[in-house]
Each structure stands twice: as C-alpha cells, then as structure tokens.
Amino acid sequence: MISINSFSGRFGNKILQYNNLMQTADFVGVPASCSNWEGKTFFSNLVKNKGILKPQIELKWSDLLDFPKLKNLPLANDYVLDVACLHNAFYKTTMKDPRAFLQISDEHKRVLPEDKVNIGIHIRGDDIIEKDGNNGREIHEPKYYRDSIDVIEREFDNATYYVCTDDPNFVTYKETIKYLTDIDRSYHTGSVNDYFGDFATLSECDVLVSSSSTFVLC
C-alpha cells in the first residue's frame, strides 16, 4: 500500500500530491490510502484512509521518477509519499488521465454554455502577495491579461470570460475587469473564498489564461 499521511500547501498542491499518489499506486499495482482533506467534499471518487497498518518506507519525489525502482518495490512493505511529492513529479508520473482519480462531484459541477467559447482567467492573489512576503514575484502584470484578451478576441468572435481570484482587491484583477468592461465583453466573476466554484468553472473552460499557480495548472 502507498499512502499520504499529510499534505503540503493549498488546494492546488494537494491535488497534485493526491494525483501523484494515485498514479504511483496504479503503476506499482498496490492499493492507495489517503488522510482526510478538503477534496473529499469536492471530488466524488477519492480513496479512503485505510490507516497505518505497518511501518512505512518514505518515497521522495525522485523515487517517483525512478520507474525501474518503482516496478521492483518489495510489495510486502508499505510506503508513504513525502509531503514534497508535488509539481516536480507531476508531468512524468501522470500516465493516466487524472480524471480517472479526480472526478468533481455532481454537487459542484458547472455547466457552461456550449454556444460560447468559454475563457477562464485566473489571477493569483493573497497567498503570494501578503503571506509569504515575496512581493508578488509570481504575479503577472495587468498587461499580460490585456494582451491575452486581445489575442482571444482576434481568434474568437463569441468569447465569454470567467475571471477567478481569491483577492478582488488586487490591482491586476481590477485592471482586468476594467479592460473587459471597456471593450464591452461579457464576463462573470467568482465568489470570494469559493475556490471550489472557481476550480469547477475553470475546469470546464475551453481556454485558460493562467497565472503561475498549481491551482490553475490542475
């Protein structure tokens, strides 16, 4: 069995960590176990916590990329993912569509109009500005979003926009909304602190204008 006993980071990081658990367990051919996290109320098919049945051997992200080693793991042992098994391993460990392991529950699913090109815009906010003190080094300037909208407008004549952020007071968010208003384009905004709603909406969009964020990557 391979387990996650604890998570690191916010929702996007936790999804990546969970996906790596499920991809690795599927590749090795053993059951998976996962401690409780907020995803259990959002996704409908998460594995349950089976508990710690015997001493566990830790797998680091470099171990997840050593496929010959994984194929020969002694199956008599139990394993646990290091909390750092996140984005470093994502693209190489993902061998199956993550939707096989992460299905949004009917309660949270969004249905977007089929006669429109649905454009998701994600603007990373307070976690990167206020809490860790790095002065927004992973935030794009308003021009990035304006230029992206211009490209979309040249490509499509029936676009509608969904602008998602956890910080509506951030200047990039305000400037993006102002630009969509100035060019008279249809847009919708998410509810503050409703990251389930934002994730469900962005997952149904045809095009994503993304920030540097594991949330929108997922």
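The values are calculated or read from the model by the stated rules, or taken from the named source; none is laboratory data. None of the values given here were measured: they were computed from a predicted structure. Cβ atoms come from the backbone with ideal geometry, glycine included; neighbour counts cover every protein chain shown. Quick note on the areas: whole protein, heavy atoms, side chains included, nothing else; ligands and nucleic acids left out. Shrake-Rupley method; radii C 1.70, N 1.55, O 1.52, S 1.80 Å.
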Can you list residues whose amide H is under 5 Å from residue 59's amide H, if they're 5+ apart or on another chain and H is modeled 1.01 Å from N? 80, 81, 82
Give me the dipole magnitude in Debye, nearest 20, for the chain about the Cα centre, with unit charges on the beta carbon: positive for Lys and Arg, negative for Asp and Glu. 920 debye
Cut-off under 13 Å on the C-alpha distance; same-chain residues fewer than 8 positions from residue 109 excluded. Which aspartates and glutamates are left, in chain and number order? 198, 204
Carbon plus sulfur, as percent of the 1.4 Å-probe accessible area of the chain, comes to 49 percent
Treating only Lys and Arg (+1) and Asp and Glu (-1) as charged, each at its beta carbon, one finds that the range 15-97 has a dipole about its Cα centre, in Debye to the nearest 20, of 160 debye
To the nearest 20 Debye, how big is the dipole of the range 60-115 about its Cα centre, given +1 on the beta carbon of each Lys and Arg and -1 on that of each Asp and Glu? 260 debye
Of the options 118, 189, 9, report the single residue whose Cα projects farthest towards the positive end of the charge dipole of the chain (beta-carbon charges: Lys, Arg +1; Asp, Glu -1). 9
What whole-number value in Å² describes the accessible area per residue of the range 1-132 for a 1.4 Å probe? 52 Å²
XL table 50/116; 40/178; 54/92; 50/96; 96/116; 60/116; Cα-Cα > 32 Å flagged, in table order, is 50/116; 40/178; 60/116
Return the whole-Å distance between the Cα centroid of the range 1-53 and the Cα centroid of the range 82-115. 12 Å
Contact order normalised by length for the chain, with contacts defined as Cα pairs under 8 Å and 6 or more residues apart; what percent is it? 23 percent
Rounded to the nearest 500, the 222 nm mean residue ellipticity computed for the chain from DSSP H runs (n ≥ 4, each -39500 (n - 2.57)) alone is -9000 deg cm²/dmol
Shape call for the range 17-56, from the Cα gyration tensor axes a ≥ b ≥ c (a/c under 1.5 means rounded, otherwise prolate when a/b beats b/c, else oblate), comes out oblate
Answer with one residue from 67, 23, 173: the one whose Cα lies farthest towards the positive end of the charge dipole of the chain, charges on Cβ with Lys, Arg +1 and Asp, Glu -1. 67
